[in-house]
1. Among the numbered criteria (1) more than 12 Å from the chain's Cα centre (by Cα); (2) over 29 Å from A:LEU109 (Cα atoms); (3) open to solvent by less than 10 Å² (accessible area, probe 1.4 Å), which one does B:LEU49 miss?
2. With surrounded by 13 or more Cβ atoms within 10 Å (Cβ to Cβ) and either more than 30 Å from A:SER10 (Cβ to Cβ) or away from every other protein chain (no Cβ under 12 Å) (or both) as the only criterion, which of B:PRO25, B:PRO70, B:PRO103 stands out?
3. State which residue is modelled with the lowest pLDDT when the search covers only segment A:85-100 and only residues that are outside any helix (DSSP H, G or I) and more than 7 Å from every other protein chain (Cβ to nearest Cβ).
4. Can you name the residue in segment B:28-46 that is assigned to a loop (DSSP other than H, G, I, E, B) and within 23 Å of A:THR107 (Cβ to Cβ) and, of all such residues, is nearest to the other protein chains (Cβ to nearest Cβ)?
5. Before we move on, is A:PHE103 surrounded by 13 or more Cβ atoms within 10 Å (Cβ to Cβ) and more than 12 Å from every other protein chain (Cβ to nearest Cβ)?
6. Return the total of residues in segment A:18-27 being modelled with pLDDT under 95 and open to solvent by less than 40 Å² (accessible area, probe 1.4 Å).
7. For segment B:75-100, enumerate the residues that are surrounded by fewer than 14 Cβ atoms within 10 Å (Cβ to Cβ) and at the interface with chain A (Cβ under 8 Å from one of its Cβ atoms).
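The values are calculated or read from the model by the stated rules, or taken from the named source; none is laboratory data. From a predicted model like this one, the values you see are computed outputs, not experimental measurements. We place every Cβ from the backbone using ideal geometry, glycine too, and count neighbours over all the protein chains shown. Just so you know, the surface numbers come from the protein's heavy atoms only, side chains and all, with ligands and any DNA or RNA stripped out. Shrake-Rupley method; radii C 1.70, N 1.55, O 1.52, S 1.80 Å.
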Amino acid sequence: QQQVKQSPQSLIVQKGGIPIINCAYENTAFDYFPWYQQFPGKGPALLIAIRPDVSEKKEGRFTISFNKSAKQFSLHIMDSQPGDSATYFCAASMGTSGSRLTFGEGTQLTVNP
Amino acid sequence: NAGVMQNPRHLVRRRGQEARLRCSPMKGHSHVYWYRQLPEEGLKFMVYLQKENIIDESGMPKERFSAEFPKEGPSILRIQQVVRGDSAAYFCASSPTTVPSVPLHFGNGTRLTVT
């Protein structure tokens, strides 16, 4: 019940495309859903996050869509660029566990020029 | 303001040796989290510490692994009698608070290779 399932495992798009990464969770106590971006040899860095009281959040080219009833959320990257090539992780946490995050398995995104 | 500093970046140990991984949180951060990342997998929570206290070690193997965050100095993740299965990237993250919406700041990790 603590798991967060992420798909696809890898994704290849052309520059300008809109990759979509999906995540699903079981534990309804989760109340904070961040996305992290990780480049090779680096630690994850927070990209964007959402709470379940909103259905969508946009920051620049990145958008989270959240479906509370389905317990699913997704990341959309508009006008993707080769520099967006990285591994993306969704995560979830609950207020009672502080900042402890449960991560999805990751999606390796490649944006071809 | 320096970010989360982890050292060493790479560590090679033979089976049976001890590995010590160090993490200096960001200035002003008193909450430290350790995560392990196996090849081609996501990050798995290991332990959450505050200064001089282990708050949650539910993700840490019961044997051979220990962690501390002393009053002075970095947090240490210690792995005794390492085995090949311990080979992974170990990430430390810090936060100034337990409020989830305040983002965790991750270090660049220590890549442990057990030969």
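1. (1)
2. Numbers: B:PRO70 fails: surrounded by 13 or more Cβ atoms within 10 Å (Cβ to Cβ); B:PRO103 fails: either more than 30 Å from A:SER10 (Cβ to Cβ) or away from every other protein chain (no Cβ under 12 Å) (or both).
When all the criteria are applied, what remains is B:PRO25.
3. Here is the first cut: in segment A:85-100, the residues outside any helix (DSSP H, G or I) are A:85-94, A:98-100.
Narrowing the set further to residues that are more than 7 Å from every other protein chain (Cβ to nearest Cβ) leaves A:85-88, A:90-92, A:94.
Numbers: A:SER85: 98, A:ALA86: 97, A:THR87: 96, A:TYR88: 97, A:CYS90: 96, A:ALA91: 94, A:ALA92: 93, A:MET94: 83.
Among residues in segment A:85-100 that are outside any helix (DSSP H, G or I) and more than 7 Å from every other protein chain (Cβ to nearest Cβ), the one modelled with the lowest pLDDT is A:MET94.
4. First, pick out the residues of segment B:28-46 that are assigned to a loop (DSSP other than H, G, I, E, B): B:28-30, B:38-42.
Subset that is within 23 Å of A:THR107 (Cβ to Cβ): B:38-42.
Numbers: B:LEU38: 10, B:PRO39: 11, B:GLU40: 8, B:GLU41: 6, B:GLY42: 4 Å.
Among residues in segment B:28-46 that are assigned to a loop (DSSP other than H, G, I, E, B) and within 23 Å of A:THR107 (Cβ to Cβ), the one nearest to the other protein chains (Cβ to nearest Cβ) is B:GLY42.
5. Working: surrounded by 13 or more Cβ atoms within 10 Å (Cβ to Cβ): yes; more than 12 Å from every other protein chain (Cβ to nearest Cβ): no.
Taking the combined requirement at face value, the residue does not satisfy it.
6. Looking only at segment A:18-27, we keep the residues that are modelled with pLDDT under 95, and these are A:26-27.
Next cut, open to solvent by less than 40 Å² (accessible area, probe 1.4 Å) only: A:27.
Here the count works out to 1.
7. The answer is B:THR97, B:VAL99.
One line per residue, one yes/no per condition, for (1) free of Cβ contacts under 8 Å to residues at least 40 places away in the same chain; (2) away from chain B (no Cβ under 14 Å); (3) part of a strand (DSSP E or B); (4) surrounded by fewer than 16 Cβ atoms within 10 Å (Cβ to Cβ):
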position	(1), (2), (3), (4)
A:ILE12	no, yes, yes, yes
A:GLY16	no, yes, no, yes
A:ALA29	no, no, no, yes
A:GLN37	no, no, yes, no
A:GLY41	yes, no, no, yes
A:SER74	no, yes, yes, no
A:GLY83	yes, yes, no, yes
